[in-house]
Amino acid sequence: MFKKVKYFLVCAGLALGVASCSSDDGSDPKLPLKSETYDITVEITESVGLDHIIVYKSNGTKVTTDVIFKDDGIPVAVTPGTPLPPRKLKWEKSYTKNSEEYISIIVKGNEGETYGEVNVTVKREEEIVMHKIGTGKDILVELGF
């Protein structure tokens, strides 16, 4: 008889101990998300007529747009007799994102007279994560990560 009472008391004590340790607040703790910095480089050849470089960053509910370059069609004004300023062929920018965010890069080159090339490189801590090359007269390069 004593064994049965002892067994019952031990089981009741364990049940109470387990029940008292459980949390009833309903909260689901989230782990902190690790943010990483990505370096984006866009390079074009001299023959590419660049239309735009746009970066979209999304976290699932909000999208932000960053226009790195957009050809507005306005010619560069220079003083007669002075040389044209050098044409920019390389753009670099860094973005920080966590695992819940998505970054999309779109580079559009308009029709040039000859074939050209667009190189888009994404690096994280100096290591190439993605690299894409677009060639032709009408170039569209899209990358997402």
* Asked: Distance in nm between label sites at T82 and Y56, each 7 Å beyond Cα in the beta-carbon direction?
  -> 4.0 nm
* Structure fact -> Once all protein chains are kept in place, E46 shows an accessible area at probe 1.4 Å, nearest 10 Å², of 120 Å²
* Asked: Residues with amide H under 5 Å of V48's amide H, sequence separation 5 or more or different chain, H placed in the peptide plane at 1.01 Å from N; which?
  -> E117
* Calculate one ³J(HN,Hα) per residue across segment 62-69 by plugging θ = phi - 60° into the Karplus curve 6.51 cos²θ - 1.76 cosθ + 1.60, and present them in order as whole Hz with x for glycine and proline. => 9, 10, 10, 10, 10, 8, 7, 8
* Structure fact -> Under the Karplus relation with 6.51, -1.76 and 1.60 and θ = phi - 60°, whole-Hz ³J(HN,Hα) for segment 138-145, x at Gly and Pro, equal 10, 10, 9, 10, 10, 9, x, 8
* Accessible area (Å², 1.4 Å probe, nearest 10) - T114 -> 80 Å²
* Give, in nm to one decimal, the length gained when the segment between L31 and S94 is fully stretched (0.36 nm per residue of separation minus the Cα-Cα distance). => 20.2 nm
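Report the local net charge at S99: Lys and Arg +1, Asp and Glu -1, summed over other residues whose C-beta lies under 10 Å from its C-beta.
Its environment carries a net charge of -1.
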* To do: Keeping every protein chain in place, order Y56, Y38 by accessible area at 1.4 Å, biggest value first, i.e. largest first.
  => Y56, Y38
* At a probe size of 1.4 Å, how large is the accessible area of S99, to the nearest 10 Å²? -> 90 Å²
* Using a 1.4 Å probe and counting only protein heavy atoms, arrange F69, F145 so the residue with the most accessible area comes first. => F69, F145
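The values are calculated or read from the model by the stated rules, or taken from the named source; none is laboratory data. Bear in mind that the values here come from a model prediction, so they are computed numbers and not experimental data. Quick reminder, even Gly has a Cβ in these numbers, built from the backbone with ideal geometry, and neighbours come from all protein chains shown. The accessibility values were calculated without ligands, DNA or RNA, using every heavy atom of the protein model including side chains. Shrake-Rupley method; radii C 1.70, N 1.55, O 1.52, S 1.80 Å.
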